[in-house]
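Everything below concerns the one structure shown next.
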Amino acid sequence: EYNIDTEELEGYTASVENVSGIATKEELEKLKELDYVEIDNSVEGLYKVSYIIKYVPARSLYKVEHYLQNLDGSYSIVADDTVTNSNSYVGDIVKAETNNYEGYTLNHSISTLEDAVEVNGTLVLKAYYDRKTYYIYWDSQEGTYYNPTPVTYGADISNIGADKIPEKSGYVFVRWEETTGQSFGTMPNQNLQYVAVWEKE
């Protein structure tokens with residue numbers, strides 16, 4: 001009776017399972033039919049059986065997570081966009097597919113977008129997206145000049161321009177008015193231009 005165990009290697013799958021049986025002539029004939037087995041019967045009554053085991057990388061999972069920057073600079077995961085990939089093998093070099101989020105841009109310097117698949121599905125690729133910065137331009141209609149104001153996407157601009165009271169000879173400043181006539185509560189995914197509205201003195 002013989003029983004040969006196939007060695008287990010972490011992260012790999014063996015092409016041959018354990019070999020066992022009773023060493024009868026019938027059993028040896030069965031072994032000869034296997035393409036990975038060689039039997040040496042040069043000595044009558046004594047058989048040397050050897051077989052080749054090929055180890056191939058085992059399948060493993062990996063995840064891709066996406067994080068959006070908050071207004072305070074921290075990041076929050078977009079849980080609904082977390083992807084678990086199963087069509088990969090241990091040791092494969094995999095690359096995350098990034099998403100397009102309105103008002104955000106990918107931060108390559110802190111993202112982990114490529115790595116080797118690990119045993120037991122422990123690899124997590126992480127993509128971080130920073131809020132874009134846009135500008136509000138102030139057209140004072142020949143009044144006081146103001147430099148463009150940088151504003152982070154999504155920031156509160158409901159009271160923007162309250163600290164800017166331009167002066168213009170012969171006129172009284174009334175208000176700032178966005179050129180499209182819209183009223184924005186937060187900074188949209190674009191630059192804005194505000195025009196000063198004047199009344200004659």
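The values are calculated or read from the model by the stated rules, or taken from the named source; none is laboratory data. The structure displayed is predicted, hence computed values, not measured ones. Note: areas computed on protein heavy atoms with side chains; ligands, DNA, RNA excluded. Shrake-Rupley method; radii C 1.70, N 1.55, O 1.52, S 1.80 Å.
Quick notes on this structure:
- Here, region 1-90 is characterised by an Rg to Rh ratio of 1.40, where Rg is the alpha-carbon radius of gyration and Rh the Kirkwood radius.
- With 10 Å bins from 0: P(r) over the chain, alpha-carbon pairs, percent: 7, 20, 15, 13, 11, 9, 7, 6, 5, 4, 2, 1, 0
- Kirkwood Rh in Å, taken over all unlike Cα pairs in region 141-190: 12.5 Å
- Proximal lysines to residue 30, defined as alpha-carbon separation beneath 17 angstrom and excluding residues fewer than eight positions away on the same chain: 48
- HN-Hα J in Hz across region 96-108 - Karplus 6.51, -1.76, 1.60, θ = phi - 60°, x for Gly and Pro: 6, 8, 8, 10, 9, 10, 4, x, 10, 9, 5, 9, 5
- Here's how it looks for residue 16: its modeled amide H is under 5 Å from those of 54, which are all 5 or more places away or on a different chain.
- Average accessible surface area per residue within region 24-114, 1.4 Å rolling probe, Å²: 71 Å²
- Cα gyration tensor shape for region 1-43, rounded if a/c is under 1.5, else prolate or oblate: prolate
- Residue among 111, 169, 140 with the largest mean-square fluctuation in a Gaussian network model of the chain, springs linking Cα atoms under 10 Å: 169
- Of 95, 164, 25, the one that fluctuates the most in a GNM where the chain has Cα springs shorter than 10 Å: 25
- Residue of 122, 82, 179 that the Gaussian network model of the chain assigns the largest fluctuation, springs spanning Cα pairs under 10 Å: 179
- Rounded percent of accessible protein surface that carbon and sulfur make up, region 1-141, 1.4 Å probe: 45 percent
- Whole-Hz ³J(HN,Hα) from phi, Karplus 6.51 cos²θ - 1.76 cosθ + 1.60, for region 130-135, glycine and proline x: 8, 5, 6, 10, 10, 10
- Computed per residue of the chain from DSSP H runs no shorter than four, each worth -39500 (n - 2.57), the mean residue ellipticity at 222 nm is -1000 deg cm²/dmol.
- Long-range amide H partners of residue 136 with built H, under 5 Å: 149, 151, 192
- Accessible heavy-atom area order of 9, 106, highest first, probe of 1.4 Å: 9, 106
- Flagged links, alpha-carbon separation over 20 Å, of 63/95; 54/95; 25/54: 54/95; 25/54
- A cut-off of 5 Å between modelled amide H atoms, ignoring neighbours fewer than 5 places along the same chain, links residue 75 with 70.
- 29 Å Cα-Cα reach of residue 200 towards lysines, excluding residues that sit fewer than 8 places from it in its own chain: 164, 168
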